[in-house]
Each structure stands twice: as C-alpha cells, then as structure tokens.
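These notes are about the structure you will find just below.
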Amino acid sequence: MAEITKSYESREVEKKWYAAWQGARAFAGRPDTGKEPYAIVIPPPNVTGILTMGHVLNNTLQDILVRRARLEGHAALWLPGTDHAGIATQTVVERELRKQKKTRRDLGREKFLEKVWEWRHEKGGIILEQLRRLGASCDWDRTQFTMDPHYSRAVLTVFADLFRKGHIYRGKRMVNWCPVSQTALSDEEVIMKPVNGTIYRVRYELVEQPGRYVEVKTTRPETIPGDVAIAVHPDDPRYLGLIGKKVRRPLGPPAEIPLIPDAAVDREFGTGALKITPAHDKADFEIGGRHKLPAIDVLKADGTLNELAGAELAGLDRFAGRKKAAELLRASGALVAEEAYANNVGYSERADVPIEPRLTWQWWLRYPRVEEAKSAVRDGYIRFYPQRWGKVYLHWLENIQDWCISRQLWWGHRIPVWYRKGLDKEALNETDLRDPTKVHVSLEGPLDPENWIQEDDVLDTWASSWLWPFATMGWPDEAAMQKAGYDYFYPTSTLVTGPDIIFFWVARMIMAGLEFTRTGEPIERRIPFRNVYFTGIIRDQQGRKMSKSLGNSPDPLDLIDKYGADGLRFGIVSIAPQGQDIRFQEDRIESGKNFCNKLWNASRFRQMSGEAGDNSSLSGILARLEPGKFDADDHAILDRMLATTREVDRCFGEFEFSAAVQSLYGFFWNDFCDWYVEVSKSKLQNPETKANCLAIQDLVLRQTLLLLHPFIPFITEELWSLLGYGTPGKFIADALLENASQIATASHVRGVALDRDAVAAVEKLKAFISQARALKADHNLASRRDVRFFVTTGEVEWRVLAANLAKLTRMAGAVEISRRDKVEGAPAAVTPLGTLYLDLASTVDAGAERARLSKELEQLTKHIASTEARLSNEAFVSKAPPAVLEGARKQLADQKAKHAELERLLRALG
RNA sequence: GGACCUUUAGCUCAGUUGGUUAGAGCGUUUCCUUGACAUGGAAAAGGUCACUGGUUCGAGUCCAGUAAGGUCCACCA
C-alpha cells in the first residue's frame, strides 16, 4: 500500500482517476434488468458556452445524484450533450465574419452553414471538456447534439406530426421582432425593462374645424406616419361629439384619419385619446382589426424607418427617427408638451435591444397536452423541489399562448415545408395550407423538388430541446431506441435545472413527453422525468446575478486549480440550500478544500497508526471488531456514524444536498477527528485496545468515504485505494453503500450490541474536558502540560472517570487527574461528573475567582427562575406532555444541584 | 395590478411536525507548532430571531397585519 503523503495534491490525483474511470468505461449507462434504472439527462449547455458557476452547481448536483445511485446499486446513466443554440451560435459566427468585413448574406445560406459547422467542430463543446475537470461522470460515448442527424430527424418528425394533427399553423400576426438578429422571438425571449424616456403630447387638427385639436400622448412619435385612427372610449364625455370626425395626421405623408370609439381605451390615461398604429403595437393591432383599419408598417426589418414614414424620416434608425419626429412636430407646432416618462419596454434577451412589435407571417404551435401537463404536476406524477415552483408552472399553463416557433435564421432545423412554385406565400389561407398540391410537409421533401420551394425559416431552438429526454435515447427510431435503452431508462429520474427556464424548457418537455412517447400508455410512463430539482441562482456578494457583462463571476477552472475539483464541489454544495439563491463566497470554497485536507490527514493518521488486517470489505472489518473491549467512545462513534448515515439517506430523499454535506462535515470533523481520533491516541498505545480501535477507525473511515464519494469523488477514490478498502481493478463506485440498518444488523451478528446511552456518557466526558481546558485557559496555563486536577465526586461518577482516565488526562493536557474528598482554595468548575479543581501551586486570586464563579451563578439563577416559573404554572403542569414535564423537572434538579455546589465553592473562597 | 420568496451573531446561512440555556462556517480576541492536519488544535466574546398583534401551558417555528429587500407573471399608449 502506498504511503499517504503529507499533503493532498488534487491536480495529479484528479487527472489520474478521471483517466482511469474513462478507461474502464465506469460511467457507461447500461440497462441491467437485475438493477433499478436511474437516469438523468443533462440540461444541454449552449454549444458556444463556457463553464460558469451556475453550471458548476447544476452539474455537481447531477453528478452527486448519479454517483450516489451507482453506490446504491442502480444502473445509472447520465446523458450529456449540447444545444445548437440558434441565435447565440449564429451571432458568434457572424461576428467572426464581420471581422473579415463580410455578412452571412455575402456567403449565402449553404456556405454560411458550412462555416458554422466548422466553428462547431473546432470550438464548440469546450464546456463538455470543462465538465470533465469538475469530475462529471457522464456517459460521454452517448454525447448528443441537437443538430445531429438522428436528433434532427426527431425534430422534423415532431413538426410534421403536429402539422398533420392541426397543432401547427401559419399566420400573419404581431410578433416580437428583434431588429438586430432580424428574427421573430417567442414571448419568453422578451424581458421587460424599465426605461427612462420621454412622453410626447401631440395635437391632431380636426379636418372640419380648423384650429380645434385632439391631443394624444405617445412615447413613439416616429410611428405617427403609421397612425390610422384616433381612438377614444365610447362613453367619454369629452369626445362625444367628435366620434366619426376626421383629424389630420401631423407627421408623414398627409392623411385624414377617423376618430373611433373603442372600449379598450383607458379614459384615465393621458388625454383619454389613443393613437392607433396597428403595425407597431399589439393592442393597436387588435383595435385596428375590430374597426377594419389597415396597418401601415413604417419600419424595415432592421429597425430603420421606411419611405412610408415620409421623406424626412425614411432611412433613419428608429431612435434617431424618434428625435427627428419630435423636432418636426415641434417645428410644425403639433408638439404641445414633452415630459420625462418611465415605462417598461420589452427587450430582446439575446441582443439586449428593444424589440419591435411587428406584423409578419410566422409558424405557430398550439401546445398539445396542456391539460395533461397540468395534471402531471398537480397530481404528483412529477414532483417539483421546492414544491412552490409548481404554482408558477400551473399559472403559466393556465394562461398559455400559442408558441411562435419559426425563426428567420439559418442555423437551426429548417422547417420541412415546401411551397408549390408560383404560389403567393403571403396569400395562403388555412385551407391552402392543408392542400397537398400547394403545400408539402415531410421529412424527405417532395418527389419533384424542381417544382417546389422550401420554407426559409428554421425552428426555435427550444422546439428541438423540448424533445431532449427521449430524442437523446433514439426516438423515434425503434432500432436506435433499443440500442439506447429507451425502454429501460425512460422516464428519467430527476431533472436538475434553474427555475429561469421553467417555461422555456421544463414545461415544454413535459408536454412533448406526454404527446410523443408511449402513446396510449398511462401518464406515469409518458412523463419525461419524475422529479425536478430547481437550483438557486448564484449571485455575487452584493446580491447581483453573476454575468459575463458584469465580470463578477470567478472562472471555475481557476477555482479548481486553487482548491481542487473536490474542494469546489464541496464548497458550492455546502452554500446551496434548497430553493434559495446563493450568495457566492470564495472562502466557502476554501473551506471545502480544508475539509478535503482534513479527510486526507485523518486517513494519514489511520495509516500511520498500524497495519490493518482485512480491510477489503465491510465484513472483513466487522470481523476485526472486539465488542468485549468497546468503551463509551467506541459505542458513541458508531452510533453517530449510523445516525449520520441515516441523515444523509434522508437528505437524498428530500434533495437536501447542503444539509447532507453539513451533517457529514460535522460528524467527520467534530465527532471523529476532534474527539474519537484524539481519544484513540491513548487507546492505540495500549496493546489491549489497539486492534479494536483500528477496526473502528476503518469502519468509520470506510463508511465516511462511501457517503462522501458522490460529493468529492476524486479524493475519496484515492483514499479508498490507499487505505486498502477496495480490491485491485475495482473502484469505490463498485462497492455497495450499506444503509444504517444493514450495518447495524451486520454488526449485531458480530456481537456488537450498541449502547445507546454511550452518546450521553461521552457528552459528559466532553463537558468535563472542556471545563478542564477552560480552567487552564482562565489561569493562563493552557500551554502547560504538567498541571494536576482534583475531583470531588460521587462513587458512580468516579467510576466513569476512572474508566476513561488515561484518555482524559491526555485530552485535558494534564499530568494527573485524581480524586479527593475535599479540596480548598483551588479554582474550580462544576461539571456533570463532579467538581473539578485546578491544582494551583501559586496562591489563587480569590477576587478573580469569586467574580468568575459569581457570574456563572448569576446566569444559573436566572435559568432556575425561569424553569421554576414554568413548573409552578399549573396550566403547564396539567397540559404539557409527560416527557416534557419530566425533562423540566430533571433540569431543575440538575440546575439546583449545580447551584448549591457553586454556592459552596464561593463560601469556601471566603 | 397578481403570485412567490427573504428578514436569526460583524458576514454568509442552518434551525426537520411548537418543548431544556437558539446553532454552524468565516471573521474577531487569547493561548498552543504536543508525532495526522497551522489547510490545524484549545478557550472565549458576540443574537430582545425585522416590527405589531393573535392562537397556545409554551412561538425563531403556527395565524393575521405592517415594514424593508428580492424574484417571476401581466402591463396604459
């Protein structure tokens, strides 16, 4: 067995074991009918992505789940991959082209796509390499990409199927248009931002009554040339006589437009009169439609004004146009007033510019399985953690709008629709769309392609990633599904993702799963996953979201270099409570590293303490236990080990990862290292107790490594091997993690009858030691190891002390602890095992001593008063449960005994 | 406007169905390089649990309200 070195070198160990795992295909997800399946599909990062702290948290949690599943004996699969991320990727490649002063249109569609593929092969998927550094145990042989041929087939199959079922249609509607990317966006890709702008009060002159005006307030004067009416509320007395009259449009080509009544107008807002610009506002479009008014589009696709806006505005960008429009209005006297105004403006999430409501032809999807998707979560087939996200999910589904699935991009799945040559696309109605002589929809395309023209648009990226849980497992190809183990692994177990994509992705995957998998079978077979764990969002210390633009996110790879992958994993999990956002603090990552160091050194101590005996299996270690030689510490550490095992079990059941980590941390550091290892030091010097003590250490270390392995896989694998717990050619993950009752049963068979009072006994010993150390510290003797203690105590207590005397003397840093009948004039402390005196050769400062004891007495008196008050409350005595009552009585008795002893000590001081 | 979350030690957070004197890590003070670990050990200081009411024998915990901060959805030009 190799020696455990003085310090843990994460870099080499991580490299070594990751290569070993991959070489042995330890992460392969293989269906095994003798085992329970456990599957996770990764939320596919953008192929352009690089690892962020969010990814670190998210993927660490997935790795923890899948590694734990392996230890529990499941056939586990973690399926990785990337998303083609339409806009993001196309933008990256276009940016590169721009450096060569080219646009994608210069290249043409085919050449441009070649460039994107080139880019993807060279630079895409860096993030998957980075995940390996983190220790992610994905089945890399199965890596998926949403533009892979078989995945694309799944996407197009779904399109054709939904088209055939009538869920997909083409329509000219108001969409969110991004003038930078020059494509339509779904509602989910638009984020509202408060913007400080200007609102303009503009007057429109009545045609029949020159000199009389109707005033409106608008934030967008540049769209006035697109006005087709002024609307007022039908019951608004201010405008009663004016409805039906005409006003002159104050900007753009001269026109007379009517005043129309419409109940959608808010009388309270502005002047109560609203300019109607159907081409540039959703509400206006609806009002225009009701009154059969035309829509005049004054903008081009790139957001510049066109000739319909008039000669002065044409060619200007919309923001420059706004200024110019205000100037023109001012010059003509139509601008009555302008004031600062804060309103909410929709921004393109990707390009970060205001979106333009724009009337265009797009493909739309009426979502399938909406009701069933609600039921899946409402009725508990799918569980959300934390549960409250279920409400957000249901609210979205209640108010669901059709999904605009077409994008005016090139990078993506081109919509499998062909139009008969010579047809006017714009004029196609619903009937034409379903007429196969006019419109062809299929994966293969028409047999006579020369007579058809394919749709230019591609599908929204999310219209491919919503199929992720089953398209990654071969769907819809039977042979591929067979090979991937679809029947075995679907539905997957748990999805780990951020709540920010609950609509984009989670809800849509549920609907897709319900619609496309296992038609006719019950809902629990068709859902894509059984649990969804929503992580928190990682924020910086000021509480801001971590983002590239703010530059407030540390590079995870730097953190790995600095603290090790295990340190990073342990740290990030320990600060990520369920369902709450996380304020990132690097010192928590550092403490993750420190924990690894502690684990390393405790193992080192174990190795240095003596040769093992059979360490290679649980039963081997159990056989080395000598139950007859157990003392209270042996009982207590095993009891705490089982309790921790149970607690970690519970945490996995509830997805409480940080609680699991904290429990393991406390157990290992405090119970094992600070106490058991310390008491071991005297037990190991005694040949009588040495072997049993080593066996107990092995039992605890072995179980701790197993429990910790999902969280910190590298160091646990290394120690597992160095301590000889494994067998050659096997990994720690090949072992089976026994639960608390299995271990208890197995120990029982070996004659170990765990003493449940031992924990309480050890607590008393700990209190005793603590008081002894405090006495020394109070008298500036903490560094001295030649001090003597005396104890005055009863027979029973002394027997406990005597049985542990060697350990206690060492732990207290004393040369001797002995019993006396009476001690006078020495500093003293009242412990649960008797009164402890520090043997001070020098004279005691009676004043200081009195102050110290008086302070303690004073506090104790307060506690006694409150306990007495409770016990003298008749209502408490009659209504509290007996256990609580008895506890209070015992507490009072203890407090009073201690009180009496303190008083006696004070009297003795004189 | 609607929904949700948060408020506990200087900082970041635990606190599981209401029950002894409210915990951890970091930070702070003092002491310690003793053969696993100074990435460490020991001792200590530090909290009227945001506020106001209510329920209860008993409230950090349950209920109502208030305040502050945050998130999501909808959105009036």
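Does residue A:579 meet the test of being touching a Pro at 6+ places or on another chain (Cβ under 7 Å) and open to solvent by less than 30 Å² (accessible area, probe 1.4 Å)? So residue A:579 passes the test.
Within the range A:803-820, being open to solvent by 50 Å² or more (accessible area, probe 1.4 Å) and either of a type outside the set (D, E, K, R) or within 16 Å of RNA strand B (Cβ to nearest atom) (or both) holds for A:803, A:806, A:810, A:815, A:816. Taking the conditions (1) under 30 Å from residue A:194 (Cβ atoms); (2) surrounded by 15 or more Cβ atoms within 10 Å (Cβ to Cβ); (3) within 24 Å of the chain's Cα centre (by Cα) in turn, residue A:357 satisfies each one other than (3). Among all residue pairs at least 6 apart or on different chains, which show Cβ distances below 8 Å where the first residue, located in the range A:60-77, is modelled with pLDDT of 95 or more and surrounded by fewer than 23 Cβ atoms within 10 Å (Cβ to Cβ) and the second is among the acidic types (Asp, Glu) and not in a strand (DSSP E or B)? These pairs meet every condition: A:73/A:36; A:74/A:36; A:75/A:32; A:75/A:36.
Among the residues of the range A:361-374, the ones that are touching a residue at least 60 places away in the same chain (Cβ under 8 Å) and open to solvent by less than 20 Å² (accessible area, probe 1.4 Å) come to 6 in all. The number of residues in the range A:37-59 that are modelled with pLDDT of 95 or more, under 15 Å from residue A:140 (Cα atoms) and buried (at least 22 other Cβ atoms within 10 Å of the Cβ) comes to 6. One residue alone among A:854, A:878 is small (Gly, Ala, Ser), modelled with pLDDT of 85 or more and more than 49 Å from the chain's Cα centre (by Cα), and that residue is A:854.
Picking from residues in the range A:548-593 that are charged (D, E, K, R) and more than 9 Å from RNA strand B (Cβ to nearest atom), the one that is modelled with the lowest pLDDT is A:548. Looking at the range A:858-910 only, could you name the residues that are outside any helix (DSSP H, G or I) and more than 7 Å from RNA strand B (Cβ to nearest atom)? Correct list: A:910 only. Just the residues that are surrounded by 14 or more Cβ atoms within 10 Å (Cβ to Cβ), closer than 15 Å to residue A:197 by Cα and not hydroxyl-bearing (Ser, Thr, Tyr), please, taken from the range A:326-347. The answer is A:326, A:338, A:345, A:346.
If the condition is being at pLDDT 90 or above and of a type in the set (S, T, N, Q), then the range A:782-836 contributes A:792, A:793, A:804, A:809, A:818, A:831, A:835.
Of the residues making up the range A:668-701, those that are away from RNA strand B (no atom under 12 Å from the Cβ) and open to solvent by less than 20 Å² (accessible area, probe 1.4 Å) number 9.
Exactly one residue out of A:902, A:871, A:885, A:892 is in contact with a Ser or Thr (Cβ under 6 Å, 6 or more places away or on another chain) and at pLDDT 85 or above: that is A:892. Answer yes or no as to whether residue A:295 is touching a helix residue (DSSP H, G or I) at 6+ places or on another chain (Cβ under 8 Å), assigned to a helix (DSSP H, G or I) and within 16 Å of RNA strand B (Cβ to nearest atom). When the stated conditions are applied, residue A:295 does not pass them. Does residue A:94 satisfy being out of contact with any strand residue (DSSP E or B) (no Cβ under 7 Å at 6 or more places or on another chain) and in contact (Cβ under 8 Å) with a residue 24 or more places away in the chain? No; evaluated as a whole, the condition is false for this residue.
Table: residues versus (1) acidic (Asp, Glu); (2) within 30 Å of residue A:568 (Cα to Cα); (3) touching a Phe, Trp or Tyr at 6+ places or on another chain (Cβ under 6 Å); (4) within 9 Å of RNA strand B (Cβ to nearest atom).
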site: A:602; (1), (2), (3), (4): no, yes, no, yes
site: A:616; (1), (2), (3), (4): no, yes, no, no
site: A:623; (1), (2), (3), (4): no, no, no, no
site: A:629; (1), (2), (3), (4): no, no, no, no
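Considered as a group, the residues in the range A:773-788 that are in a helix (DSSP H, G or I) and farther than 10 Å from residue A:812 by Cβ include one that is farthest from RNA strand B (Cβ to nearest atom), and that residue is A:778.
Residues in the range A:257-267 that are within 6 Å of RNA strand B (Cβ to nearest atom) and either modelled with pLDDT under 85 or open to solvent by 40 Å² or more (accessible area, probe 1.4 Å) (or both): A:266 only. Being open to solvent by less than 50 Å² (accessible area, probe 1.4 Å), touching a Ser or Thr at 6+ places or on another chain (Cβ under 7 Å), among the β-branched types (Val, Ile, Thr) and in a helix (DSSP H, G or I) holds for only one residue in A:589, A:572, and it is A:572.
The criterion of at least 3 residues that are surrounded by 15 or more Cβ atoms within 10 Å (Cβ to Cβ) and of a type in the set (A, V, I, L, M, F, W, C) is met, among strands (runs of 3 or more DSSP E) falling completely within the range A:141-256, by A:168-178, A:190-205, A:229-232. Within the range A:185-230, being within 9 Å of RNA strand B (Cβ to nearest atom) and more than 18 Å from residue A:335 (Cβ to Cβ) holds for A:187, A:188, A:190, A:191, A:192, A:193, A:194.
List the number of the failed condition for residue A:138; all other conditions in (1) under 30 Å from residue A:557 (Cα atoms); (2) in a helix (DSSP H, G or I) hold. Going through the list (1) under 30 Å from residue A:557 (Cα atoms); (2) in a helix (DSSP H, G or I), residue A:138 breaks only (2). Could you list, in sequence order, all residues of the range A:845-857 that are part of a helix (DSSP H, G or I), surrounded by 10 or more Cβ atoms within 10 Å (Cβ to Cβ) and more than 9 Å from RNA strand B (Cβ to nearest atom)? Matches in the range A:845-857: A:846, A:848, A:849, A:850, A:851, A:852, A:853, A:854, A:856, A:857.
When the range A:756-776 is filtered for residues that are open to solvent by 70 Å² or more (accessible area, probe 1.4 Å) and under 19 Å from residue A:625 (Cα atoms), only A:756 remains. Is at least one residue of the range A:528-539 within 30 Å of residue A:489 (Cβ to Cβ) and in a helix (DSSP H, G or I)? No; the residues of the range A:528-539 include none that is within 30 Å of residue A:489 (Cβ to Cβ) and in a helix (DSSP H, G or I).
Let's see how each residue does on (1) within 30 Å of residue A:573 (Cα to Cα); (2) at pLDDT 95 or above; (3) surrounded by 20 or more Cβ atoms within 10 Å (Cβ to Cβ); (4) in contact with a Phe, Trp or Tyr (Cβ under 7 Å, 6 or more places away or on another chain):
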position: A:421; (1), (2), (3), (4): no, no, no, yes
position: A:471; (1), (2), (3), (4): no, yes, yes, yes
position: A:476; (1), (2), (3), (4): no, yes, no, no
position: A:485; (1), (2), (3), (4): no, yes, yes, no
position: A:495; (1), (2), (3), (4): yes, yes, yes, yes
position: A:500; (1), (2), (3), (4): yes, no, no, no
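The sole residue among A:434, A:388 that is open to solvent by 50 Å² or more (accessible area, probe 1.4 Å), within 16 Å of RNA strand B (Cβ to nearest atom) and either closer than 27 Å to residue A:511 by Cβ or not hydrophobic (A, V, I, L, M, F, W, C) (or both) is A:388.
The values are calculated or read from the model by the stated rules, or taken from the named source; none is laboratory data. Treat the numbers as computed from the prediction; the structure is a model and nothing was measured. Positions of Cβ are backbone-derived with ideal geometry, glycine not excepted, and every protein chain shown enters the neighbour counts. Each accessible area value is taken on the protein alone, full model and side chains, heavy atoms only, with ligands, DNA and RNA left out. Shrake-Rupley method; radii C 1.70, N 1.55, O 1.52, S 1.80 Å.
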